Amino acid sequence: MSTVLPDQFGHFGRFGGRFMPEALIAPLDELTQAWREAMADPEFTGEFERMLREYIGAPSLLYDATRLSDVAGSRILLKREDLNHTGAHKIRNAIGQALLTKRMGKPRVIAETGAGQHGVATATACAYLGLECVVYMGEVDTERQALNVARMRLLGAEVISVKTGSRTLKDAINEALRDWVASVDKTHYILGTAAGSHPFPAMVRDFVRGIGDEAREQSLALLGKLPDAAVASVGGGSNAIGLFTAFIGDDEVKLYGIEPGGDGFETGRHAATITAGQVGVLHGARSFLLQDEDGQTIESHSISAGLDYPGVGPEHAWLADTGRATYRPITDAEAMEAFRLLSKTEGIIPAIESAHAVAGALDIAKELGPEATILVNLSGRGDKDMDTAATWFGLGGSDE
Amino acid sequence: MSDVVALGKAGVAIRKANDAGRGALIGYLPAGFPSYDGGVDGIKALIDGGVDVVEIGLPYSDPVMDGVTIQRATEVALAGGLRTRDVLSTVEKVAAYSDVPLLVMTYWNPVERYGVDRFAADFAAAGGAGLITPDLIPDEGAEWIAAADKYELDKVFLVSPSSTDARIAMTTANCRGFVYATAVMGVTGARDKPSDLAAPLVARVKSATGLPVGVGLGISNGDQAAGVAAFADAAIVGAALVKALQDGGPAGVRKLTEGLAEGVRREPRAPAVR
Ligand SMILES: Cc1ncc(COP(=O)(O)O)c(C=O)c1O
């Protein structure tokens, strides 16, 4: 089932496809072919696996979170993607696509970034493989995430601040696409999530699916069976599809995608694309998106910069449509409670993105009960979020 | 499909110009810029200045094919509260003013959201001639193609220097009106020097179709328009006109349009290859 979709045109049922300028269609065809050939070439996949092992630190641990489980009421297993080099799952995709860029003989890479996680991962992969790297970042985000801008520059990347539109992630994607139309013969665009035009959703899935493949094996070794549920946060959808893919054929494993509920669904200030959006076309694919009556994209809101995107990858739209996966929102406040809870009970400070998944798991635990085992993708670590957390919880320097 | 049908409304206007021994001129302005009324006046000035076909932009929040000039203009239009229905009423007002064929250039999502069939019906009723769809390829366009055929609207798809011959054949077979050849690999915006990718692309398109071929992206003055008219059936001008409207109002648009219209009339001109 999981290997059948997308079809050769990149469709997941009525979702996906290619809504792109004609100028990029032939390059996308070439990319599709290069990716397919690479994935069938043991030399490429062997090199990718070697990099995952020796550079990233894969397989990441599967951690039995007993103290969190006591609070939650179900057994919670954490897939520790936060322990990867650069601190999140994003590096898997970045090195995969950077390796493919080398194979295609292109010397230059561009990327978009919101919080800076994907930008840092891409800058890292480019430093490691000797590629030129340009990262587009909305002006609002370069101000909110100044530390990651410095990290990218230190790694040798050029960071371009995008000053059009809402000056956030979606506009950084627009600007990267504009660059790509003009530079595609020498440049590969490393899109940072399992969204966009074919082949990106399927290609990114290939590079991140190790998360679930590893976790499936690790669960069998630890439990002697599969978990009852797998839970991940959903921004564009890469960490979630990375976790889900290995389990899609296992009907006994429930799949939950946790969307950023922001201030709450009622307020309209959220980024819960599947829960609250409508079907439409954005950034090259048909999926759910936050849009107004006229099809203009609505700005999203989330305390988590990595989840703050008004679109979502087409495979998630399809999984929601078919009912194979369930998507539900978690508010900023709920995510921050889970952020604190995990820090205090386990000594693990999660990314706020991942805290959404933990909060979702706490709710799901109430539904599934004490016999259940819930696998949670801890997609990243929280160092980048300490300013936000300090403000939220009032953890200032003086002791009053 | 007979040649007359495939020519559509825009194609007939372009061929009329070609039959008079000149290139056709297609001018673009977005609806709602700098204001609703200002946009209508700007488009009327295009017509007064002598365009053969008008291209009205439907402002969109995520215009990935546009450079900064058109981005900023469409941002102004949206910030001013422009709605899709206001674009349709702009079409209606201009259609009442002139018989020049009116195409709307739109990213796909606003049409999909409005409802493809409903949009085609309302647009045809407003007097529109067809759509130019920069992020819809025929491969994904079945619903639009059906609606365009039902309401007899032109369907202008784009071809690019990167398009393979097979894609050019497929794309042109799905066009009615004309074929939009993007002269450069890049976004909209005035450029200093003409692209050397345009002429070979036009030649490839002409070997695939008898439809007129318009060349756009980067043309900003009469000399460049003359250069394009020497090998293409129509010169398409966008960002330079937006800038003219911004800097000089409708009078500025009219003046630039007249200069462009003079350019496409210069001799010598290669006869249209059919
Ligand atoms: C740690 C972490 N988790 C999750 C996400 C959300 O992205 P995706 O849905 O593609 O996994 C991000 C994005 O920056 C992230 O940094």
To the nearest 20 Debye, how big is the dipole of region A:263-355 about its Cα centre, given +1 on the beta carbon of each Lys and Arg and -1 on that of each Asp and Glu?
340
HN-Hα couplings for region A:224-235 via Karplus (6.51, -1.76, 1.60; θ = phi - 60°), in whole Hz with x for Gly/Pro, come out as x, 7, 7, x, 7, 8, 10, 10, 8, 6, 10, x
Please compute the alpha carbon radius of gyration of the protein assembly as shown, then divide it by the globular-protein estimate 2.2 N^0.38 Å. Two decimals is fine.
1.00
Tell me what the protein assembly as shown gives for mean residue ellipticity at 222 nm when only DSSP H runs of n ≥ 4 count, each as -39,500 (n - 2.57), the sum divided by the residue total, rounded to 500 deg cm²/dmol.
-14000 deg cm²/dmol
Give the average over all directions of the projected area of the C-alpha convex hull of chain A, one decimal, in nm².
18.8
Where the Cα atoms of region A:77-128 are projected onto their three principal axes, how long is each span, largest first, in whole Å?
41, 21, 14
So how compact is region A:142-251: Cα radius of gyration and Dmax in angstrom?
17.8, 53
When you look at the Cβ of every residue in B:160-168, what mean number of other chain Cβ atoms sits within 10 Å?
4
Kindly give the semi-axes, whole Å and largest first, of the ellipsoid equivalent to region A:182-299, taking each as the square root of 5 times a Cα gyration tensor eigenvalue.
29, 22, 10
Scaled by the rule-of-thumb 2.2 N^0.38 Å, the alpha carbon Rg for region B:1-83 gives a ratio of 1.30
Beta carbons within 10 angstrom, averaged per residue: use that to sort the peptides B:46-54, B:244-252, A:288-296, highest first.
B:46-54, A:288-296, B:244-252
What does the highest-first list of A:47-58, B:149-160 look like by mean Cβ count within 10 Å?
B:149-160, A:47-58
Charge dipole (debye, nearest 20) of chain A; +1 at Cβ of Lys and Arg, -1 at Cβ of Asp and Glu:
700
By the C-alpha gyration tensor axes a ≥ b ≥ c (rounded if a/c is under 1.5, else prolate when a/b exceeds b/c, else oblate), the shape of region B:23-147 is rounded
Per residue and in Å³, how big is the convex hull formed by the alpha-carbon atoms of region A:291-400?
149
Give me the inter-chain shielding for B:98-110: mean count of other chain Cβ atoms within 10 Å, whole number please.
2
I'd like the mean, over residues of A:290-299, of how many other protein chain beta carbons sit within 10 Å of each residue's own Cβ.
6
Give, as a single signed number, the net charge of other residues whose beta carbon lies under 9 Å from the beta carbon of residue A:294, with Lys and Arg counted +1 and Asp and Glu -1.
+1
Report, to two decimal places, the Cα Rg of region B:3-264 normalised by 2.2 N^0.38 Å (N = number of residues).
0.89
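Where a number appears in this text, it was derived from the coordinates with a stated rule and is not lab data. A quick note: this is a predicted structure, and the numbers were derived from the prediction, not measured. Backbone-built Cβ (ideal geometry, glycine too); neighbour counts: all protein chains shown.
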